[in-house]
1. With +1 on each Lys and Arg Cβ and -1 on each Asp and Glu Cβ, and nothing else charged, work out how big the dipole of the chain is about its Cα centre, in Debye to the nearest 20.
2. On full extension of the chain, what length is gained from Thr71 through Ser3, given 0.36 nm per residue of separation minus the C-alpha to C-alpha distance?
3. Semi-axes of the equivalent ellipsoid for the chain, please: Cα gyration tensor eigenvalues, times 5, square-rooted, ordered largest first, whole Å.
4. Want the number for Asp59 to Ser41: 0.36 nm per residue separation, take away the alpha-carbon distance, what's left?
5. Would you mind pulling out the separation of the Cα centroids of the stretch 55-85 and the stretch 1-41, in Å?
6. For the chain, what does the helix formula give at 222 nm: sum of -39500 (n - 2.57) over DSSP H segments with n ≥ 4, over the residue count, nearest 500 deg cm²/dmol?
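Just so you know, all these numbers are worked out from the coordinates, no wet-lab data involved. Keep in mind the model is a prediction, meaning the values are calculated, not measured. A quick note on method: Cβ atoms are made from the backbone with ideal geometry, for glycine too, and the neighbour counts reach across all protein chains shown.
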Amino acid sequence: MISNEQEFDAVVTGVSMVGVMVEIDGEKGFIDQTKHPSWWSTDVAPPQVGDLLHVVVLDDSRTPPRLSALTKDIEIARQIRGQGS
């Protein structure tokens with residue numbers, strides 16, 4: 001089960017103008033375009049179907065759950081979980 005502040009490796013299954021759909025162990029998730037590093041840096045390639053992304057769960061109450069692939073969000077989740085960065 002996917003829950004807030006958990007980290008996963010997710011596979012991109014679909015790409016749209018607003019974000020990407022991913023799959024984590026058979027469960028779906030969504031990454032808003034602003035939560036992917038390519039939104040913030042031209043040095044990062046946009047996501048493609050089949051890409052593997054390390055993500056963190058931001059909101060497990062949404063359908064599908066909202067995720068982030070940003071390092072800062074992953075670090076915040078680790079701090080919340082008490083693991084540091």
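1. Taking the Cα centre of the chain as origin, the dipole is about 180 debye.
2. Once the chain is fully extended between Thr71 and Ser3, it gains 22.7 nm.
3. For the chain, the semi-axes come out at 19, 16, 10 Å.
4. Full extension from Asp59 to Ser41 adds 4.1 nm.
5. 11 Å
6. That calculation yields -4000 deg cm²/dmol at 222 nm.
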